[in-house]
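> If you scroll down you'll find the structure; I have some questions about it.
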Amino acid sequence: MEEVEAGRSASRVRNICVLAHVDHGKTSLTDSLLAASGYIHARSAGQLRFLDSREDEQRRGITMKSSSAVLLHKQKVGDDEHHFVVNLVDSPGHVDFTGEVESAMSVCDGALLVVDVGEGVCAQTVTVLRLAMDRGIQPVLVLNKMDRLFTELKMEPMDAYRHINNILEQVKRAPRRATPGCSPRPLLKS
């Protein structure tokens, strides 16, 4: 019953935007989160592209319009359990649709920044990171496609470690134009 109540209280609703450069895995991550929540079958995650509901998106294999799904989240703090409604917004990653990303972020109070570790930080990664920081949103970094380091790039473990550290440094150093005095908003505090 508390799940229903969570949806009625603005303090228990979070709007989270999934951000990344094109083909870094936003939609696959969103599918995986939907599968973990029981909305789609786990075997379909990453292939279904559930939130790419337009025919042209399915045909081209890219997200062109932001779309969302509602997930329920339980957070346990000590003996207390808090329920949250998470509106998960899958946004486009192609530079041609940056305006759509801006619109999606205007209603969000949090973000997941997805980086394909094989590709690293790309131009659109920096663009969406700037957009988030300008809005006072400090994204949670998601390192995606870790297997590529070994299967495609044939890295030794120490080289993979250095490569990942380099990506972390790139994200930290990415140019930020955040408004002075703006501080990131906490995501899950009741």
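The values are calculated or read from the model by the stated rules, or taken from the named source; none is laboratory data. Nothing here was measured: the structure is a model prediction, and the numbers come from that model. Using ideal geometry, Cβ is built from the backbone for each residue, glycine included, and neighbour counts are taken over all protein chains shown. Accessible surface areas use protein heavy atoms only, side chains included; no ligands, DNA or RNA. Shrake-Rupley method; radii C 1.70, N 1.55, O 1.52, S 1.80 Å.
> Going residue by residue through segment 70-86, is there one that turns out to be at pLDDT below 80 and touching a Leu at 6+ places or on another chain (Cβ under 8 Å)?
No; the residues of segment 70-86 include none that is at pLDDT below 80 and touching a Leu at 6+ places or on another chain (Cβ under 8 Å).
> Testing Asp116 on (1) buried (at least 19 other Cβ atoms within 10 Å of the Cβ); (2) closer than 24 Å to Ser11 by Cα, one condition comes back false. Which one is that?
The single condition Asp116 does not satisfy is (2).
> Filter segment 144-164 for residues that are closer than 16 Å to Asp116 by Cβ and either open to solvent by less than 90 Å² (accessible area, probe 1.4 Å) or touching a residue at least 40 places away in the same chain (Cβ under 8 Å) (or both) and give the result.
Correct list: Asn144, Lys145, Met146, Arg148, Leu149, Thr151, Leu153, Met155, Ala160, His163, Ile164.
> Which members of segment 90-126 meet the condition of being at pLDDT below 85 and of a type in the set (S, T, N, Q)?
The answer is Ser91, Thr98, Ser103, Ser106, Gln124.
> I want to confirm something. Restricting to segment 130-143 and keeping residues that are within 26 Å of Asp31 (Cβ to Cβ) and either at pLDDT 90 or above or outside any helix (DSSP H, G or I) (or both), which single residue is most open to solvent (accessible area, probe 1.4 Å)?
For segment 130-143, the residue satisfying everything is Gln138.
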